[in-house]
Structures are given as C-alpha cells and as structure tokens.
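Below: one structure, written as structure tokens.
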Amino acid sequence: RTRTFIEFRVCDTIKVMGNAGKALKQALVTYGISQNRLAAAMGVRHANVSRWVNELRDPSGETILKIRKALQMINPSAAENFIE
C-alpha cells in the first residue's frame with residue numbers, strides 16, 4: 001500500500017518533469033546537501049546530478065525514485081521536500 005502511494009506521488013512528479021530539476025535544486029539548497037553527496041549516495045557521477053539540477057536533462061521516473069531513496073538516507077525532510 002505504501003509503495004502504491006509513493007508510485008502515485010512519483011507519477012505526479014513525472015507529469016511535470018520540467019520541475020524535477022527545480023525541485024531537486026531546492027531540496028539540495030534548503031537542506032545543505034551537495035550534489036557530490038547526493039551522487040555518492042546514489043552511486044552515480046556528479047555530472048548526472050548537475051545535469052538534473054541545472055535542468056539540462058530530466059531524470060527518468062526510475063531515477064526519481066532513486067533520488068528520493070538517496071535523499072531519504074541523507075535527510076528524510078529533504079526527500080519529502082523533493083517529492084512535494
């Protein structure tokens with residue numbers, strides 16, 4: 001049941017993909033999380049995170065879930081801020 005709720009919330013985010021980068025940047029800035037720290041938590045290169053934050057590339061739906069999971073490990077409030 002929780003998984004369905006999370007997927008629903010992610011689907012809402014995917015509908016406005018152009019906002020994913022803005023939401024990610026806001027969460028990182030608000031909670032003082034560096035792009036490098038998020039990249040390390042996700043196991044991706046910093047360049048990927050930079051592309052999302054600077055809106056050069058939209059993260060896929062699967063990647064949005066991975067971003068949320070990584071943010072949850074770093075700071076649960078940042079994860080909530082990102083999804084909202």
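Quick notes on this structure:
- Number of residues in segment 24-78 that are assigned to a helix (DSSP H, G or I), aliphatic (A, V, I, L, M) and without any contact (Cβ under 8 Å) to a residue 40 or more places away in the chain: the value is 11.
- Of all the residues in segment 50-84, those that are among the small types (Gly, Ala, Ser), touching a Phe, Trp or Tyr at 6+ places or on another chain (Cβ under 8 Å) and surrounded by 16 or more Cβ atoms within 10 Å (Cβ to Cβ) number 1.
- Looking at Ala39, Ala47, Ala20, just one residue is open to solvent by less than 70 Å² (accessible area, probe 1.4 Å) and within 17 Å of Glu80 (Cβ to Cβ), and that residue is Ala20.
The values are calculated or read from the model by the stated rules, or taken from the named source; none is laboratory data. None of the values given here were measured: they were computed from a predicted structure. Positions of Cβ are generated from backbone atoms using ideal geometry, with glycine treated the same way; all protein chains shown enter the neighbour counts. Side chains are part of the model used for accessible areas, which takes the heavy atoms of the whole protein and leaves out ligands, DNA and RNA. Shrake-Rupley method; radii C 1.70, N 1.55, O 1.52, S 1.80 Å.
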